[in-house]
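Engineer: The following block contains the structure, expressed as structure tokens.
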Amino acid sequence: MHPPGSKYPAGEPLEGYSGPKARIAVSDFELKTSGLNTETGQALKEYFVSILNNTKRFIIVAPSEADLIISVGIIEFVPENSGGKSGIAGGGSAASSFMGGLLGAPLNKATMQLNLRIVERATSNVISSRDIQSQAVENPGNKINTPHDKVFKAELNDFSGTPMGKVIYECLLEAARYTVLNVPSTYYKD
């Protein structure tokens, strides 16, 4: 998925930056779904802040000192959802439920959806907004790669090597990419 020795896919706007920085704050993630506790919500926020810091494009400050507030709401967070069975009549099809799903290995499907808003602190105007979603299915015999950075390993270790770990990584990486691409250049200051 990404080049060896790199945290991000090639050609991404998340690496190799040196220049003016925007002053942003990341609000606590709003948990709009069941099955997600505040500790996990805080860990997701810390991992997102870590990715933003790695872009070298932002100075992350307290909300009262920021020009922009990055607001994230977790709409869906499903670490494990039985998606049927792999093999003949597998993958959760009507045939697999009809046959009782006996013909293959169980599949774990994970999904996450978040709503990200970039808000100007002084006016509370939403500059940009987007829903970001990711889904992953565990294929028996295939190892799922999750990030190797310290923050993920420490805070979100329970999801390491699982479909949910992949989903978290993809969602938060896309959220950071979206933030980088949608913070107007006028907010970048020396």
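The values are calculated or read from the model by the stated rules, or taken from the named source; none is laboratory data. Not measured: the values here are computed from a predicted model. Cβ coordinates were reconstructed from backbone atoms using ideal geometry, including for glycine residues, and neighbour counts include every protein chain displayed.
Engineer: Taking only the stretch 52-70 into account, find how many residues are in contact (Cβ under 8 Å) with a residue 40 or more places away in the chain, within 18 Å of the chain's Cα centre (by Cα) and surrounded by fewer than 19 Cβ atoms within 10 Å (Cβ to Cβ).
Structural biologist: The qualifying residues number 2.
The rows are residues; the columns are (1) at pLDDT 95 or above; (2) farther than 30 Å from residue 67 by Cβ; (3) assigned to a loop (DSSP other than H, G, I, E, B); (4) not small (Gly, Ala, Ser).
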{"position": "107", "(1), (2), (3), (4)": "no, yes, no, yes"}
{"position": "111", "(1), (2), (3), (4)": "no, yes, no, yes"}
{"position": "117", "(1), (2), (3), (4)": "yes, no, no, yes"}
{"position": "134", "(1), (2), (3), (4)": "no, no, no, no"}
{"position": "152", "(1), (2), (3), (4)": "no, no, no, yes"}
{"position": "175", "(1), (2), (3), (4)": "yes, no, no, no"}
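Engineer: Considering only residues of the stretch 28-87 that are touching a strand residue (DSSP E or B) at 6+ places or on another chain (Cβ under 7 Å), of a type in the set (Gly, Ala, Ser) and at pLDDT below 90, which is nearest to residue 126 (Cα to Cα)?
Structural biologist: Looking at the filtered set, the residue picked out is 35.
Engineer: Is it the case, given these coordinates, that residue 16 is farther than 23 Å from residue 125 by Cα and without any contact (Cβ under 8 Å) to a residue 12 or more places away in the chain?
Structural biologist: yes
Engineer: Mind listing just one residue for me: the one in the stretch 1-27 that is among the small types (Gly, Ala, Ser) and at pLDDT 85 or above and, of those, nearest to residue 66 (Cα to Cα)?
Structural biologist: Taking the candidates together, the pick is 25.
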